[in-house]
Each structure stands twice: as C-alpha cells, then as structure tokens.
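The block underneath contains the structure these notes are about, expressed in structure tokens.
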Amino acid sequence: MICENVDFKFGLSLNISLNSLNQKKKFNRSFKLIWLLEGRITYENSNLKTESKNKINLEAGEMKIINSYTPFRILKKSRGCKFLVFDFKYNYLNNFSFDFEEKVYNLNNDANLNEFKYLAALMAKDYFYLNYQLAKKIKTKLDKLLTVLNKNHCIHNQRQDDFYNKQKDNIVIKVIEKLETQFAENLILKEIAEEFHYNSSYLSEKFKSLTGVNFKSYLDRLRLEKILAELLYTNKNISQIALESGFKNIKSFYRVFNDQFKQSPVELKNNYPELKKENLINEFGDLKYFNDYFTEIINSYQQNKRRIEDELQKEVILDSGGENQSLNPIWNKLINAGTAQSILDSNLRKQIVELQQEINFEYLRFEGIFNDDLEVCKGDSLENIHYNWKLVDNIFDFILKNKFKPFITLSFMPELLASDRDKTIFYYQANFSPPKDINAWLDLIDAFIIHLINRYGIEEVQQWYFQVWTEFPVRGFHWAGTEAEYFNFYARTAEKIKAISQSLKVGPASETFFEENFLSEKLLEYAEQNDTAIDFYNINLYHNSVPIMEEDPDLSKFYKESTLENIKFKFKEKDYSIKISQKINNLLAKYYPKAELIATRWNVSWNAKELVHDTAFMADFIIDNALKLQEELDGLGYLNLSDLISEWPINELPFFGGRGLMNTEGIKKSGYYAYIILSELGDEIIAQGENYIITCKGDDIQILLYNYAYLNQSYRNGDYSIIDEYNRYQVFENKDSLKFKFKFSGLKGKYKLSHYHLNRDSGSAFDQWIKMGAPSDLNNHEIKYLKNKSFPDLMIDYLDLKGEYNLEAEVKRHGIEFYLLRKQFQIQL
C-alpha cells in the first residue's frame, strides 16, 4: 500500500483538488477533508490487520474527515459528482500545537459543523482567487479551521488501531520524518541507512515501494515546496533561497527547478497569477461555479450568525400593555423519592424537608408501596390475609406534613400475592410478577384506597395520582408477564379505582422507550376499545440508551454494581426529550385528548453511576429542557431528589455519578440550584429564546441566561475512555461564551438587583470537591465546607431607574446568570 504523496502546487501548507480519490487503496500521514458539492460518493476506510471496513456514503453538501494513517479508497461515485479534497502538510499540522496523529476526528452534523464549513469556504475562496497575499491569508484561516476542528470535532484523543501503530514503526516513515525536518542538510541515503542499521539497497527499495518515488525525487520535492513558498511570498534572493533549501549549488537547483516547472524561477514568479489561474481552470473548469458555491455558504453562515446575535441583543418593552404568555412550571409538579420504604430513612427525610422548604414541589412520587419491607400484606395464604397500614401511614403523614401531595405508584407485588416468588429485581428484591389471583390484587387496591380516604378525606385523596405499576413490560424488566397481561391488569385496576370514586386520578405505567420498543399506541388503543379510564399518561425520559441485547438478561444478576460498569451506554440527540414528548402528545390527541402527559422519571441518564450527573452541565441540561418542555408536558419529575435513592448499590465516593439533586451527604449539586432558579421565575413570559428567558411577577422581573453545551459525539457513541472520576468535562461540546445585550424600557423606580452566578467556579460542588483534593471520605467539617462552597455567587445592587435598564452579560459554557429585579416600595410621608 502506498503512502500518498500530495503535490502542494502553490507553495502552501494546503492543497485542494477535485475528485482526486481513486480506487487504489492508499493512506496519508495527514488527515484529509472531503467536501461533496454535487452527487453522491461512497468511499471506504479500513483497518488492514482486523480487516474491518467502514463504508461511508456522502450526499451533496456533506463533509467527512479521513483521519491520518487511515487506508482509504473510493468505491463508487454518481455521474457528474463534484467533490473537493483538502490535503494538509504533515509538518504544518505537526507543529500546530496539538498531536493530530493521535487523534480521531469526526465532523458531527451540528451547529459546530456550520462554522467549520464556513471557514473551509473562506479558505477555498482565497485559494482560488488570491495570489501574492495568498500564503498569509490561507495561514490565518487554516489556523482557525484547525482550532475549530480540534476543539469541536475530536472524538478520540488516542489512536489505538493496529495499522497506525504498524506504520509509525515503519522504517520508511521514520526516514520520511527525518527528511521533512532536515531536508536543508546534505542527506545521503547510504548514510541514513547506516544510521537506522539497514542495508541501503533494501531501504531504497522499501522507500519506493511505500512512496511511489525514489529517495532523491522525494527529497527534491520537499526542497522545491520550501523554495516555491519563499519565491512567491517573500522578497528573498533566489540564490539564497536555493542554498538554504539544501541544494549543493545554484546549477543543480536550476536543473531540478526547470525539470519540475518547465521555466525559470524568475519567469514563474513574474507569471504566477496567470499560471495559477491557468492551472486551476485546467483542473477545476468553471471557477465561477466554485465561487458561487463558496459565496452562498459564507453568506448563509454570516446571516445566521447575525440573526443569532440579534436574538441575543433585544429591546424588551415592559409597559406595552400587551398580553404575556403564562409560564407553565412543569418542573415543580413532582420530584422522585425512590421507594416508599426509603422515605422512612431519617437522612433522606432531612433532605426532603430542606428541598421542599427551598423549592416547593407539588407532588412527591414514590414506588414500592406494596413492597414486603413495609409489611402491608400479612397472613399465610390468600384465604387468610389481612392488611397492616402502620408504616404506610407514617409515610403519608410525613409527606402531607411537608406540604407535598402523594404521587403513588401501585407496586410492587407482595410475595403473598405474587405468581412467581423468584421474580425479583433491584438490590432490595422487589417482586415484579403479575398476581396469581387478580381478585386478590383488586381487594388490596380497594382496601388501600378506602383506608386513605377514611384517614385523609376524599377531598384530599382525589388530588393525588395513582399510577398502576412502574414501567411497561419490555424484555422482562419491571413486569414479568406479557404485554396482554399488563393491559388487562391495568384495565381491571383502573376500573376498581374508579368504582371507589370517579374523581380519583388513575394512569398506567410509564412508557420507557427501551431499545426503541414503543408500546404506547398499543396500550392506548386497547384502553380506548375497552373504555378504560386514563386521566394521566406517563413516560420516562432518559437520553441514554442501552445497546440492543440479543438475549434476555438474567435479572437476578443485572442489578449488581458491576453491571453498570460493563454497559456502554450511548446517548440520544440534544432535543430527544422534546421529540419524544411531541410524539406521545400526538398519540394522546388521537386517543385520550384530555389526559395529562407527565414525564414521571426524567434525567440525562438512568445510570446510577453516570459521572456527568455531578457536573455543572446538569444545571443547563435541566433548565434548557424544562423551559422547552413547557408546551409539551403537564409535569416533569426529576430522577432523583437524592443520591441516597437508587435501585443499585451506592458507590463510596462522595460524587460517584448518582442521579440525585443532592449527594449522599446532603451536599447540593449544580442541578439543585437550577431548580431553585426555575422556582424563582415569574408567572408570565415576557421574552424567550435560545439560552434565555425573561419573566415577570407583578412589578418584579426575572432574567435567566445560560450557555448549554451538550454531550459531544464521542461520548454519545459510548466512548468511556475520555472520562473518569476526576476528569469529566471533556465529554461535552466545546462552546464559546455567549454574549447577551438587553435594553429594558418601562422600568421606573427603585429596584433591588440580586445577581446569581452559577458555573464550574461557582455553584458546582463537584468542582469544589476536585479543587479541595477529591477526598474519598468526607468528615463533618469537609461536608460543611462543601455545602457552603456549593452555593452560587451572589451580588446585590440597588438601582434607581428612570425608565430604562441596560443589561450586558457574558455566559461561559455550562454557565448560568440569573437576575432578580425586585421593585422596592418607598415609605409615604
């Protein structure tokens, strides 16, 4: 296989060619950029040792990177297709402050690609149309392009493929590296062969086999590239250039130069613009086509950038008399407290009390009210059964005392009623089998709800939610029966609840979208046909997904800590929660248009050891999704309120990736403060856009600005090699700071301004834990320290406004700036 030699025609570190991939397999020490302008092509990347092949299809407008030391060849192309190939000098890349050889790049189809394509278009336009200033202009744009590539499109920091390792050890590659750095010296193949302990004839043969040219021709080409760059873009003397490039004398220089360019150096320099244009026309044909194509890309990007800048620079008129949209605070609807039994834990109770005092959720959701650890069902058989409500009453009394309403999941199956006593999941061994006698289950439901009504009153209980089971049956998880058995189970249970009182709210288990298996339409159609009540419908929204499993899992082993370490989760796109909610809303509109839609369990991941859960990223994730889901949902239940809650064993580190808003020691994470900020928003929306919302409540104004950067493509594809317990931020998209500029008209009088800063440096307990040395165990003083340091920075100012207020802010990646303008009333004398 040949290492491709690129002819850098114009003395640049960049070469652009048209349709230059061919069917002969090659590799390049530098990476290539392929930009398909028209038609369709298919090319192949492959690893020689493993013989794995990766076929890539490109459609018009798409770009791809062929990474360094990656074998490639074109397989097919459509008639009339046009694609540009950008090649870059190895030495230029190698000296550009990042180790490009070790990295793997992938041009993700997102907003960052638009910037990359814009820079490539600017560079290509200069390449086609500039002359003597070309080198300087190209360098400026190429440096920007490489910076953006490395910042936004690097998906692996270390190469591990066999072909790369093999070629890096190849003697010819080592010789080439020597030539590229020492070409100005007197280099002789025989001496180089002796230096590397090789026979010169053997090395000469190996060199030509890999490069396609002999040693001297390759060395002359390197020297001519250097000469051409200085000849065209500097005022150096020609003789000086020749001697500095390694030629022994002027005579040998002129001979090689004339053989290559068919003219003298002076003629080439004087005729350069015409010769360059002629060369380009011969290769590319109609240059106007390319000019128009690049111009359209450039103008489109600039117009979109101006639109975004205009969006972030607005005049907000507060006294226009217009009618504002009402805020729908779905995030305050409910919070998850794990199992009912966990609410008996004194440590968790302290966290629940503190959370409710600061954020004030409407409902506390919990599962497992019939788990055997609560001892609800007593007796030795179905014929000899009675119920014990002592612990249940303790739980409900605590919930109501703290101004929650219960969101009750009717689960799991008491062992006395279970059709299979061995069907248990989670570390607390909940039974998830159907009842062996449905009537025994219905008797339990009847007794349970009647007890609640008698104790708390029908007016209170009719405000609660009764969810029938936890999640839909998929691959044996959560429900050991069939889909048909669950549908009947739900219909009979809902019928029993409604028979007690039609005012009671009932809904089915949550759709999980596990392995892309959607059951919602089946259940909704069944319920409609059987006239089954659905007052609210439930979904679980997680952005992580599990690789397709060929066999059903062994659930007795699945919920062990080691399982989470072995699963390589992948992640959905940034707006996944919005798309799924819209899809289910469309179904409900068809079958149950009056039913509420509630995301009962929601998080970026259900993984109880997902390391990003502890980072500052979560605050922006929560705020962005919560604000955008206002129009899609009636409730959004975060999973969980505390790391003390989990179906899995808890890790010993203070920040182990738990799903809670607080860690096990009660230290508040960034996500906790996102909820506090959301709870401070007003009743009406004055203005809302990407990364901001402005609300009001009476005379008070609330301004929330944030800079949301999602998971990068590498991590979304399951690359866990780029994250560990202490280094967690390289898994996110690189994103520049956002600059906001608002002008408020209609603000008069005295105001108190409270300005909160939430970012990695302020309001992130995880980052403070890293700064203090990341101790694995925390004593009481250290816990107290982190609790204090986790609070966002706060600045207070007093303003006397005469009608206008100008606000300028710069928000870092993973940052939030929150402004509270509270009207101050004066004493009337």
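A few remarks follow.
- Filtered by the rule that a residue be without any contact (Cβ under 8 Å) to a residue 24 or more places away in the chain and not in a helix (DSSP H, G or I), the stretch 237-264 gives Asn237, Asn249, Lys262, Gln263, Ser264.
- Among the residues listed as Lys262, Lys269, Lys288, the single one being within 27 Å of Ser239 (Cα to Cα) and loosely packed, with under 11 Cβ neighbours inside 10 Å: Lys262
Residue by residue, here is whether (1) of a type in the set (Gly, Ala, Ser); (2) crowded, with 24+ Cβ neighbours inside 10 Å; (3) assigned by TED's automatic domain parsing to the domain that holds Ser581 holds:
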| position | (1), (2), (3) |
| --- | --- |
| Ile623 | no, yes, yes |
| Glu631 | no, no, yes |
| Leu636 | no, yes, yes |
| Leu644 | no, no, yes |
| Glu647 | no, no, yes |
| Asn651 | no, no, yes |
| Leu705 | no, no, no |
| Asn712 | no, yes, no |
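- Leu327 under 30 Å from Lys743 (Cβ atoms), touching a Gly at 6+ places or on another chain (Cβ under 6 Å) and surrounded by 13 or more Cβ atoms within 10 Å (Cβ to Cβ): no
- Residue within the stretch 113-123 that is among the polar types (S, T, N, Q) and either within 18 Å of Ile66 (Cβ to Cβ) or not in a helix (DSSP H, G or I) (or both) present: no
- Filter result for Ile241 (closer than 28 Å to Ala135 by Cβ, modelled with pLDDT under 90 and buried (at least 19 other Cβ atoms within 10 Å of the Cβ)): yes
- Of the helices (runs of 4 or more DSSP H) lying entirely inside the stretch 265-331, those containing at least 2 residues that are within 36 Å of the chain's Cα centre (by Cα), under 20 Å from Lys82 (Cβ atoms) and hydrophobic (A, V, I, L, M, F, W, C) are 287-311.
- For the stretch 780-794, the candidate set comprises residues that are among the charged types (D, E, K, R) and assigned to a helix (DSSP H, G or I); within that set, the residue that is nearest to Arg760 (Cα to Cα) is Lys789.
- Summed over the stretch 682-728, the residues that are within 23 Å of Asn759 (Cα to Cα), of a type outside the set (A, V, I, L, M, F, W, C), over 11 Å from the mean Cα position of the chain (by Cα) and not in a strand (DSSP E or B) give a count of 9.
- Flag for Gly671 being in contact (Cβ under 8 Å) with a residue 12 or more places away in the chain and at positive phi: no
- Just so you know, in the stretch 443-455 the residues that are more than 45 Å from the chain's Cα centre (by Cα) and under 15 Å from Phe396 (Cα atoms) include one that is surrounded by the most Cβ atoms within 10 Å (Cβ to Cβ), and it is Ile453.
- Within the stretch 374-411, tally of residues that are part of a loop (DSSP other than H, G, I, E, B) and either touching a helix residue (DSSP H, G or I) at 6+ places or on another chain (Cβ under 9 Å) or at positive phi (or both): 8
- Considered as a group, the residues in the stretch 359-394 that are in contact with a strand residue (DSSP E or B) (Cβ under 8 Å, 6 or more places away or on another chain) and small (Gly, Ala, Ser) include one that is nearest to Asp437 (Cα to Cα), and that residue is Gly379.
- Among the residues of this structure, Ser78 does not count as one that is under 30 Å from Leu134 (Cα atoms) and assigned by TED's automatic domain parsing to the domain that holds Gln158.
- Hits in the stretch 181-205 - residues which are surrounded by 15 or more Cβ atoms within 10 Å (Cβ to Cβ), closer than 16 Å to Glu244 by Cβ and either free of Cβ contacts under 8 Å to residues at least 40 places away in the same chain or in contact with a Phe, Trp or Tyr (Cβ under 9 Å, 6 or more places away or on another chain) (or both): Leu187
- Within the stretch 480-522, being of a type in the set (S, T, N, Q), surrounded by fewer than 22 Cβ atoms within 10 Å (Cβ to Cβ), within 30 Å of Lys572 (Cα to Cα) and touching a residue at least 24 places away in the same chain (Cβ under 8 Å) holds for Asn517, Ser520.
- Of the strands (runs of 3 or more DSSP E) lying entirely inside the stretch 1-98, those containing at least 1 residues that are under 26 Å from Gln260 (Cβ atoms) and modelled with pLDDT of 90 or more are 14-18, 32-38, 82-88.
- Of Asn727, Asn691, all but one fail to be over 20 Å from Ile567 (Cβ atoms), without any contact (Cβ under 8 Å) to a residue 24 or more places away in the chain and either in the same structural domain as Asp767 (by TED's automatic domain parsing) or surrounded by fewer than 19 Cβ atoms within 10 Å (Cβ to Cβ) (or both); the exception is Asn727.
- Odd one out for Thr147 among (1) crowded, with 16+ Cβ neighbours inside 10 Å; (2) of a type in the set (Val, Ile, Thr); (3) under 27 Å from Ala709 (Cα atoms): (1)
- Residue match in the stretch 220-236 (condition: part of a loop (DSSP other than H, G, I, E, B), surrounded by fewer than 16 Cβ atoms within 10 Å (Cβ to Cβ) and polar (S, T, N, Q)): yes
The values are calculated or read from the model by the stated rules, or taken from the named source; none is laboratory data. Quick caveat: nothing in here was measured; it's all calculated off a predicted structure. So basically every Cβ, Gly included, is an ideal-geometry build from the backbone, and we count neighbours across all protein chains shown.
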